[in-house]
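Below is one structure, written out as structure tokens; the observations come after it.
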Amino acid sequence: MSAKIKEYPGQEVKSEEMKSGRVPTVRYRPNAKYMWSAGIAMSRFLNELKNGRILASTCNKCGRIMVPPRMFCEQCFKPTDGWTYVKDTGTINTYSVSFIAGDASRIKEPIIVVVVDLDGASPGMGILHTMQEIDWKKVKFGMKVRAVWKPEKERTGAITDIKYFKPLKEE
Amino acid sequence: MFGKKRVAVVGAGLTLFRRNLKETGREMCYEAAKMALDAAGLTLKDIQSVAYGSAPDAFDGIHMKGENMTDGSGAWRKPFSRVYVGGGTGVFTADAGWWHVASGLFDTCLVVAEEKMSSCYPHPAYAFTTIFDPIMDRPHGTTLIWIFSLEMHRYMHVHGIKKEQIALVSVKNKRNALDHPCAQLGAKITVEDVLNSEIMCWPVQRLDISPTSDGAAAIVLASEDVAKKLTDNPVWIDGVGWCIDSTYWTNRDLYYPDYVECAARMAYKMAGIKNPPKEIDVAEPYDPFDYKELHHMEGLLLCKKGEAPKLTEEGVTQRDGDLPINPSGGLLGVGNPIAAAGLMKVCEIFWQLRGEAGKRQVPGDPRTGVAQAWGDLMQYGSVIVMRR
Amino acid sequence: MREVAIIGVGCTGFKPMTPEVSYKELMFEAATRAYQDAGNINPRKDVDAFVTCAEDYWEGHSIFDEFVPDQIGAVLRHLFTVSSDGLIGLATAYMLIKTGEFNTVVVEAHSKVSDVTTFTDIINFALDPIFNRPLGGHPHYMAGLEMTRYLHETGNTREQCAQVVVKNKRNALGNPYAAHGAKITMEDVLQSEPCFHPLNRLDISPPADGGIVMVLASEGAAAKFTDKPVWVRGIGWNSDTSWPESREWGRAVYAELAADMAYKMAGIRNPRKEVDFAEIDDSFSYKELQHLEALKLCKRGEAGKLMEEGETETDGDLPVNSSGGLLGMGHAVEASGLQRALEVVLQLRGEAGKHQICDAKTGVAQIWRGVPTATGAVAVLSREVK
């Protein structure tokens, strides 16, 4: 390759040139809006969040208790059999600490991102959330955490009805 | 062992990988495709089918963008299809080209992978927010770096791996990329540079990750009869594999990529490979983050679980080591125009096996190479095994 | 020769909206039905590859293939997504089986476009950003342009196009899977709201939600799962230029070339004689006529006459869109091609109920990917393996 080919195609444009408008561009903002049907399982899940409860679905064949709930067991490929509630406490499966926002700008207060394996669900059945009321340097794998909910009036039926997770015991 | 028709790679082409290229998506496709055709000694008349791959339409800003790229990819009035498996697309497009020819339907297939991330303004990172589940993940403001740092941290925790060990991958690949003519980020850096770089989302730091890029790559595939007429040095596609894991990524233990192992086993079985570390001479696993090279080495069964950092420390994965990994410089060094980056790795194996990789050439006459890509929500593995 | 058969099909039916289920639940139903139909095949063990067909912006999720494996039984299995119509997914499954490495392959496609609140803007988003989008307007003007040119070149009439709508919507009334069946007259079509001259509102297929899964198998494997295999005798797909400015507006070249490829594979030399019925793309009324001619099922310029003579009715000599077509069943974006193919399968098996065609041996399914593309696919399916 290197021996036979002398030149590789591609004209680089520096970011400053792009921003300064010296490169001919066409701009367009797509209008792409959606209202996704949450479906049977997730509609119930969201309604239960309003009630301050976390709903799971169960499969009799493999015995798993699944969050987020679903109408089908993806391992057994059959309809799930029932519903149950799991606790709003759990253990940290993994975590990371973000110092940047979605647009790549820096943020002052880091966001602690966690995957919490919920108590009462099958092992490893985690959900994604954030953590507060702790110094990010003190977070540990396997730490026990508990959900902090919005007051009932403020819940809308969203995963953010849980504001964040905090350590189960005072550190 | 496989199909009716054996399939060979007979030419490859690559554009520069840069943060912004002036060329439009279809122009980049054309440049890479033309280069690959010239290398193969063919013209568009000889091409019977086109397999194209590209990741999110949101970057290019065109819905059904494959349809916009047909002409640029040489598919005027030809059978054209686009495959799309997130980050796994680049290597998977080569797999797709393989079945076009191995099925017996076509004697030749032009495989093109393209990505124009710079169109997404002001930064392609925004587009990534739309890959997450709208109920469970998006409302937190989830970003790509969040979830990869979760995976990196889990991998480090389960095996007790330190950042210094992982940083060695970034050092190696960026240095390898200095010898790649298309590279965006070839550089001589040290482990200290990585450890001192800006913390993005702990444990991920700036020098742990690859950039966003524009670029395109292309290869020409031919059936055995045609390939033998074209060249004395065809590189055979002996195995293809792909696998996807559950979308419920928070229900999975991220320390090990089962889906890469599943894809690798599929490809190795087809290729008759029983002892991967012994039988594979060079490998290009997907490395958008430095820890992923290690993660994928293990998933590709090139070493035991948790052992990849040790191999790196011992220099085994250097170009002159026992198992060279990412001699191209990988995504960390060459750049990451998602689909094109994966196909770039296939191009690299092609050139390596033919002894045409110039300054990047792995010594010792490599005969069997593997390229692998990774995608989706830490779900997808695509693998290709190539042999001379 | 390693022949390929469709051994199972599953469909949720098509409805204008499906607010009670998520797309995952829709796919699960289609897959469950298909696997049951395919001799109770177990996707966790017996399916060698899965092909799903989707486009991000119809779904509203980037990298949509992330979200598909669980509900069709493909977790930690060999699945991938083709960004194209389901008929090209079917072509892909066909190629996989022909390689000799795969014995059973599943193909899936669905439409949940009732979830899209800015549907027209999404169609517009597919237009070339530099040359076409800045012109503004609803992109379906391209269909209007093509219809004008097509009628001018072939001599088919505006009224004949309106008759297509009448026929197909009437046919759809007899199809339990159809979303938009209706009893209307030619005057209704000609007097409906003008949209993209000469197209009026009733000339345009309305969208519908629905999911389809098909299971394909090699000849050797098929016998294990079904005694009613439907053979894929030929498959073709093609893309004409992506530049609308360079197209031959009166001809559906993509359909002609795709049909040539499929007929050649199927060994069909005289399509009009050897094809018994067709399920083709009528996303816009004139398209049924244009595609009939492109598929060489009649001479150029004669499709309108063929229809006026009643030949394309369910009891005619060459039934076309007995299912109701897209006009009657609803346009299902990437699931439209499989929707066409599904009807062919049911007809060949004798399972088409009220709209069963007598003595159907070989049928053609055809699709176009819609404005602004010039891409389409054709499949020749038959009860007979050769």
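Just so it is clear, none of the values below were taken in a lab; they were calculated from the coordinates. Everything numeric here is computed off the predicted structure, so don't read it as measured data. Here Cβ is always computed from backbone atoms with ideal geometry, including for glycine, and neighbour counts include all displayed protein chains.
Below is a table of values for the structure above.
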{"item": "Peptide C:18-25, shielding by other chains (average Cβ, 10 Å cutoff)", "result": "6"}
{"item": "Within the stretch A:35-112, trypsin sites (Lys or Arg not before Pro) in DSSP loop having at most 10 other beta-carbon neighbours inside 10 Å", "result": "none"}
{"item": "Dipole moment magnitude, nearest 20 debye, the stretch B:41-167 about Cα centre, only Lys, Arg, Asp, Glu C-beta charged", "result": "120"}
{"item": "Where GluC sites (Glu not before Pro) in DSSP loops with at most 11 other Cβ within 10 Å are excluded, longest remaining stretch of chain B", "result": "B:1-197"}
{"item": "Cα-based helix-to-principal-axis angle, C:253-266 vs chain C, degrees rounded to 10", "result": "40"}
{"item": "Relative contact order for the stretch B:263-388, counting Cα pairs under 8 Å that sit 6 or more residues apart, in percent", "result": "31"}
{"item": "The stretch C:243-334: relative contact order as a whole-number percent, Cα under 8 Å and 6+ apart", "result": "28"}
{"item": "In sequence order, calculated HN-Hα J values of the stretch A:27-34 (Karplus, 6.51, -1.76, 1.60; Hz; x Gly/Pro)", "result": "10, 7, 10, x, 9, 10, 10, 9"}
{"item": "Karplus (6.51, -1.76, 1.60) ³J(HN,Hα), θ = phi - 60°, over the stretch C:19-30, in Hz, Gly and Pro reported as x", "result": "x, 7, 10, 7, 4, 5, 5, 4, 5, 4, 5, 4"}
{"item": "Hz values of 3J(HN,Hα) by residue in the stretch C:286-301 - Karplus curve (6.51, -1.76, 1.60), Gly and Pro given as x", "result": "5, 4, 4, 5, 4, 6, 4, 5, 5, 7, 6, 8, 7, 6, 4, x"}
{"item": "Helix C:86-98 vs. chain C, principal-axis angle (Cα, 0 to 90°, nearest 10)", "result": "40"}
{"item": "Charge-dipole axis of the protein assembly as shown as Lys and Arg at +1 and Asp and Glu at -1 on Cβ define it, positive-most pick from C:252, C:60, C:50", "result": "C:50"}
{"item": "Relative contact order of chain A, pairs being alpha-carbon contacts under 8 Å that are 6 or more residues apart, as %", "result": "18"}
{"item": "Cut-off under 5 Å, modelled amide H: who pairs with residue C:216 long-range", "result": "C:7, C:105, C:106, C:107"}
{"item": "Spin-label model distance (nm) - residue A:84 vs residue C:45, 7 Å beyond Cα toward Cβ", "result": "2.7"}
{"item": "Approximate spin-label separation residue C:138-residue A:15, in nm, with each point projected 7 Å along Cα-to-Cβ", "result": "4.2"}
{"item": "Chain C - mean residue ellipticity at 222 nm from DSSP helices (-39,500 (n - 2.57) per run, n ≥ 4, rounded to 500)", "result": "-10000 deg cm²/dmol"}
{"item": "Nearest-ten-degree value, helix A:39-50 long axis tilted from longest Cα axis of chain A", "result": "70"}
{"item": "Computed [θ] at 222 nm, helices only, for chain B once each DSSP H run of length n ≥ 4 contributes -39500 (n - 2.57)", "result": "-10500 deg cm²/dmol"}
{"item": "Percent breakdown of C-alpha pair distances by 10 Å bin, ordered from the shortest bin, for chain B", "result": "6, 26, 37, 24, 7, 0"}
{"item": "Magnitude of the charge dipole, the protein assembly as shown, Cβ model with Lys/Arg +1 and Asp/Glu -1, debye to 20", "result": "1160"}
{"item": "Coil-residue trypsin sites (Lys or Arg not before Pro) of the stretch C:12-76, DSSP, other Cβ within 10 Å capped at 11", "result": "C:45"}
{"item": "DSSP bridge pairs, the protein assembly as shown: antiparallel proportion in percent, nearest 5", "result": "80"}
{"item": "Rounded to the nearest 20 debye, dipole of the stretch A:39-167 from Cβ charges on Lys, Arg, Asp, Glu", "result": "140"}
{"item": "Loop sites in the stretch C:111-203: GluC sites (Glu not before Pro), DSSP, at most 12 other Cβ within 10 Å", "result": "none"}
